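Note sheet for the following structure.
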Amino acid sequence: MFKKPVSSSGKTKIKSSVQRNIRQKICEQFPLLEPVIDDVLPKKAQLDLIKAPEKISLYALDNQVLFFQHHNDAIMPHLRVVHKYPQCFPTVQVDRGAIRFILGGAQLMCPGLTSPGAKLPPPEGNLPEGTVVAINAEGKEHACMIGVLKMSTEDIKKLNKGNGVENCHYLGDGLWKMDSE
Amino acid sequence: MEAESSAAGAAAGAAAAAADEGFTVAPLEVVYCGVCSLPPEYCEFGATVKKCTDWLESNHPRLHQNLYSSEALESKMGTMSLEAQQKAEKDLAKKQQKEELRQEREAAKKKSSVIIIKRVERTKRKYVTVVSGIEAFELVYKTVAKEFGKKFACGSSVTKNAAGGEEITVQGDLSDEILEELVDKYGIEEDNIRQVEESKKKGGGG
């Protein structure tokens, strides 16, 4: 999504009613985040909307992007948020060999999620298709990618072939660099 | 030797404990590499590994020890097959070389590129100052134009020139002031700035 540097066309303030909506949506999507939502998105804070090309909206607080969204799809957290609150997002883990491809912006293939170094949630914790997940890496403490599951985690285990997670935001991509500048 | 490795182990244990406590509300403080901006543990996949390790060593020596002690290096090879490892290493080396070349080229380009400050006559005894070429120094036209406007209290805007590029048009004869500002505030060498004058009736007047 952000392979190229993000060129934003100005930012606007978000109405508080819209802001409430976003907040609620985030809580619905990431129930684990609810206890800390006040720290991530203080109620009184003024969110900014930054419009990026291809119908991507970035939600920023104090010039730092916290969440982003494509059109009306699921809201996704910025990696910095995930680094701060790693337990608040559903997570899968890839093996070490996949890291360099992820940091190059590749889609995540199933074998990288099923090999010995990788970790998927147990059957009872099955994540359905379309879930926004943080991708951790073998031997690493922090997440390196945000993606959307292309198939449920159980299907990944079963099929073990093809594109498992869509790469939406990874360390060192345009969105990441936009912030750190 | 053994004492050292056990110390590293203890530090890692402490880190793990801290991660467990992170389950409560408190956000985790994450250190980001000052060179490549990624969390330090991912520096090894970037193209500036050498610089990153140096930076980490001087800024966060403890983290550096955790990540780059020989024990850590060994354990992280983990489950990857030998073949895949070799391939990864080869790719990485190639990438690093590319990055180095790119940086060299950029530095050379920076050295050779010039900012042109042009004084253009509008009507008799009235001038605008046109600044072009600042993109080579990683400056953004729009923001710099705004700064100029604020600093000199005059109209300052980004315009498109005939070649399709952008330039800043500042109202008023400000070429000397702008030169000074570029040197002082944006740290550009004076050798890289050229002042030019352009009269409306070129040749015809003289």
Placing each pseudo-label 7 Å from Cα in the direction of the beta carbon, A:L61 and B:V183 end up separated by a distance in nanometres of 4.5 nm
Could you tell me which of the pairs A:K11/B:K150; A:K55/B:K111; B:K111/B:K142 are separated by over 28 angstrom between their Cα atoms in the structure shown? A:K55/B:K111
Residues with amide H under 5 Å from that of B:K118, placed H, sequence gap 5 or more: B:V130, B:V131, B:S132, B:V196
Using just the helices of chain A, give the 222 nm mean residue ellipticity in deg cm²/dmol: DSSP H runs with n ≥ 4 each add -39,500 (n - 2.57), and the total is spread over all residues, rounded to 500. -7000 deg cm²/dmol
Calculate I(q)/I(0) for the protein assembly as shown by the Debye formula, one identical point scatterer on each C-alpha and no solvent, and give its log10 at q = 0.07, 0.13, 0.15 Å⁻¹ to two decimals. -0.44, -1.16, -1.37
Globularity ratio of chain A, using Cα Rg and 2.2 N^0.38 Å: 1.01
Over region A:10-83: Kirkwood hydrodynamic radius from C-alpha pairwise inverse distances, Å: 12.4 Å
Quote the FRET efficiency, to the nearest 0.05, computed for B:A153 versus A:D155 with a Förster distance R0 of 56 Å and r equal to the Cβ-Cβ distance. 0.30
How large is the convex hull of the Cα atoms of region B:113-198 per residue, expressed in Å³ as a whole number? 90 Å³
Cysteines without a disulfide-compatible neighbour (Cβ-Cβ under 4.7 Å), the protein assembly as shown: A:C27, A:C88, A:C110, A:C144, A:C168, B:C33, B:C36, B:C154
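Laboratory data are not the source of any read-out in this text; all were calculated from the coordinates shown. Here the structure is a predicted model, which is why all the values come from computation and not from measurement. Because the Cβ atoms are built from the backbone with ideal geometry, glycine has one as well, and the counts that use them run over all protein chains shown.
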